[in-house]
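Please treat every number below as a calculation from the coordinates, not as lab data. Just so it is clear, the structure is predicted and the values come from calculations on it, not from any experiment. When we count neighbours, we look across all protein chains shown, and the Cβ atoms used for this are built from the backbone with ideal geometry, even at glycine.
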Amino acid sequence: MSFAKNIKRSPSGGSSDNYVRLVQGENKFRIIGSTEDKPTPGFISGMVGWGNNEEGKRKPTRYEIGTPAPMSFDEKPKEFFAMIVWSYAESKLMILEIAQAGLKDKIIELSEDADWGDPRKYDVSIVRNGEGLDTSYVMTPKPMKPRSQEINDAVSSMKINLLALFEGGDPFSDEASAPEAPEANNEGPDPF
């Protein structure tokens, strides 16, 4: 099955310590999750709009593509991808959420490319340059190699529920129904 097969696209286009924040320069990670992970996916797509909570602070509201927006937003909601990744900078599993069209398109392009395929088989680098409206991003795949044992160990014990994002919850919370970790492939060369 194709990695991108079940990724829904828009027709139009927790604790921050657990979320990748793209910094200036290179940001290297390994995608861990997919839309087919059971019982909950390790890669989701949806829409995100921004509003204010009771304290007047900006807060994201995420909802599934194809469902009505749960509220009205000052700005048009954007399509997002959220995925479980291994952050090499932090040496831990984190959530990478991207709304930039070029980065989302590149993930799909790589996953459908006959030479690259499933992006869980290789590391990906996102280089960030600039600030504000002058920010640019370039995604580059790295040579294929098996996941390290450190990553496999983290994956085997992970408890991250991305679907909690659609409920306004914390995917790392014990209260979020945690998915079973995808099993590491121990037969022959580990493609992930």
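Just to verify a number: FRET efficiency for residue 99 and residue 54, C-beta to C-beta distance, R0 = 30 Å, to 0.05? Write out the running numbers ahead of the final one.
On the way: r = 25 Å, r/R0 = 0.82.
The pair residue 99/residue 54 has a calculated efficiency of 0.75.
Would you please name the trypsin sites (Lys or Arg not before Pro) within the range 57-163 that are DSSP coil residues with at most 11 other C-beta atoms within 10 Å of their C-beta? Filter output for the range 57-163: 57.
Sequentially through the range 129-142, phi angles give Karplus couplings (6.51, -1.76, 1.60; θ = phi - 60°) of 10, x, 9, x, 6, 9, 7, 10, 10, 10, 9, 10, x, 9 Hz, Gly and Pro residues having no value and appearing as x. Applying both filters, DSSP loop and at most 11 other Cβ atoms within 10 Å, to the GluC sites (Glu not before Pro) of the range 63-127 gives 75. Per-residue 3J(HN,Hα) values for the range 78-93, derived from phi via the Karplus relation 6.51 cos²θ - 1.76 cosθ + 1.60 with θ = phi - 60°, read 10, 5, 9, 10, 10, 8, 7, 9, 9, 8, 6, 5, 9, 6, 7, 6 Hz in sequence order (x marks Gly and Pro).
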